[in-house]
Amino acid sequence: MAAGTLLARRGTSPRRLPTIKTAIIAAAAYVIAIIFLLPYAEMLITALRPQRELLGRNYVPHHFAWSNLTNMWGSSFGITTSLRVSLEVAGGATVLVLLVAIPAAYYTARHHFRGRGLFLLVVLVTQILQPTALIVGIYKEFLNFHLIDTVWALIMVNAGFNMAFAVWILNAYFASIPVEIEEAAMVDGSSRFGTMFRVTFPLALPGVVTALIFTFIAAWNEFIAALTLTTSNDVTPLTVRLDSFIGQYTVDWQHLFGASVVATIPVLILFALIERRVVGGLTAGSIR
């Protein structure tokens with residue numbers, strides 16, 4: 001009774017315990033999170049496991065071999081070169097996609113020209129075609145242009161196969177922005193180009209960020225085209241480099257999982273930096 005009176009004087013209410021439904025949902029969320037995090041924990045533990053404990057039954061080794069993570073940066077493994085190539089390919093493909101997709105999506109969202117629906121349908125159809133099904137034709141085309149075993153070939157392939165998603169999501173986001181905002185800016189003397197980059201583009205930034213991160217991740221994880229179009233170690237991305245740790249009779253598990261840990265870090269950093277804007281971008285066009 002005295003505690004209730006004290007809380008009433010302070011203007012606060014007693015803290016309520018969560019309901020059974022809330023507790024069940026929270027427990028389920030924690031279980032799902034643990035299930036998704038366990039493979040990453042296993043990957044890190046295996047990367048630090050000594051060779052003599054590789055087949056041990058203990059989940060956590062008795063000793064951690066930190067040299068597994070330091071030795072793989074040597075010239076014999078090529079992780080540094082592959083990491084640089086992957087960053088160049090993913091970053092270049094992302095920039096190229098945004099440079100083409102933003103004007104295309106803006107124009108299709110603001111101009112209802114003849115054949116607009118057919119154009120968007122053709123763009124969507126290209127999303128169905130995967131590099132695996134077209135890899136022979138892609139290889140022949142780049143061979144004719146003498147672009148085999150170059151970073152530019154990987155950039156163009158990844159940009160081409162991620163363009164459709166970027167155009168569609170940006171088209172929906174540009175269409176959700178009221179055209180009256182642009183008209184008001186143009187009445188004040190701004191040009192169409194200036195209105196797009198000074199008014200519309202900042203409002204569409206969550207959609208742009210969503211297209212950016214999905215394009216970057218798709219280009220970062222691409223394997224088939226990179227394996228086919230590259231032959232030398234100087235232009236081998238990280239995904240292909242990981243495959244080199246798997247031999248015909250043995251597998252270098254420590255360095256394979258160590259390189260896998262390195263491969264996840266750039267994506268985690270990118271997603272952590274722009275995660276807030278991704279949620280808004282995923283709901284693009286849901287409210288008109």
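The values are calculated or read from the model by the stated rules, or taken from the named source; none is laboratory data. What you see is a predicted model, and the numbers here were worked out from it, not measured in a lab. Counting neighbours? That spans all protein chains shown, and the Cβs are built from the backbone with ideal geometry, glycine included.
Observations on the structure shown:
- Within segment 126-146, tally of residues that are more than 24 Å from the chain's Cα centre (by Cα) and in contact (Cβ under 8 Å) with a residue 12 or more places away in the chain: 2
- Residue that is nearest to Asn162 (Cα to Cα), among those in segment 59-115 that are out of contact with any helix residue (DSSP H, G or I) (no Cβ under 8 Å at 6 or more places or on another chain) and aromatic (Phe, Trp, Tyr): Tyr107
- Index of the failed condition, Gly194 passing every other in (1) closer than 24 Å to Val95 by Cα; (2) modelled with pLDDT of 85 or more; (3) small (Gly, Ala, Ser): (2)
- Single residue of Leu134, Leu154, Leu143 found to be in contact with a helix residue (DSSP H, G or I) (Cβ under 6 Å, 6 or more places away or on another chain) and either part of a helix (DSSP H, G or I) or among the aromatic types (Phe, Trp, Tyr) (or both): Leu154
- Some residue of segment 50-66 being in the same structural domain as Thr228 (by TED's automatic domain parsing) and of a type in the set (D, E, K, R): no
- For segment 146-167, the criterion of a residue being touching a Ser or Thr at 6+ places or on another chain (Cβ under 9 Å) and more than 28 Å from Thr264 (Cα to Cα) is satisfied by no position.
- Those residues of segment 213-258 which are part of a loop (DSSP other than H, G, I, E, B) and surrounded by fewer than 16 Cβ atoms within 10 Å (Cβ to Cβ), in sequence order: Phe223, Thr231, Ser232, Gly247, Gln248, Tyr249, Thr250
- Residue in segment 24-41 that is assigned by TED's automatic domain parsing to the domain that holds Phe216 and without any contact (Cβ under 8 Å) to a residue 12 or more places away in the chain present: no
- Helices (runs of 4 or more DSSP H) completely within segment 18-124 that count 2 or more residues being within 30 Å of Val209 (Cβ to Cβ) and either in contact with a His (Cβ under 6 Å, 6 or more places away or on another chain) or of a type in the set (Asp, Glu) (or both): none
- Qualifying residue in segment 261-272 (condition: more than 30 Å from Leu170 (Cα to Cα) and modelled with pLDDT of 85 or more): yes
- Qualifying residues in segment 180-212 (those that are within 16 Å of Arg110 (Cα to Cα) and hydroxyl-bearing (Ser, Thr, Tyr)) - the one surrounded by the most Cβ atoms within 10 Å (Cβ to Cβ): Thr200
- Condition met for Val208 (part of a helix (DSSP H, G or I), touching a helix residue (DSSP H, G or I) at 6+ places or on another chain (Cβ under 6 Å) and either in contact (Cβ under 8 Å) with a residue 12 or more places away in the chain or of a type in the set (Asp, Glu) (or both)): no
- Exactly one residue among Ala226, Ala218 is assigned by TED's automatic domain parsing to the domain that holds Pro103 and more than 13 Å from the chain's Cα centre (by Cα), and that residue is Ala226.
- You will find that of Leu87, Leu83, Leu69, Leu99, the residue that is among the aliphatic types (A, V, I, L, M) and loosely packed, with under 13 Cβ neighbours inside 10 Å is Leu99 and no other.
- Put simply, of Val167, Val157, Val123 the only residue that is surrounded by 11 or more Cβ atoms within 10 Å (Cβ to Cβ), assigned by TED's automatic domain parsing to the domain that holds Gly91, within 30 Å of Thr228 (Cβ to Cβ) and modelled with pLDDT under 80 is Val123.
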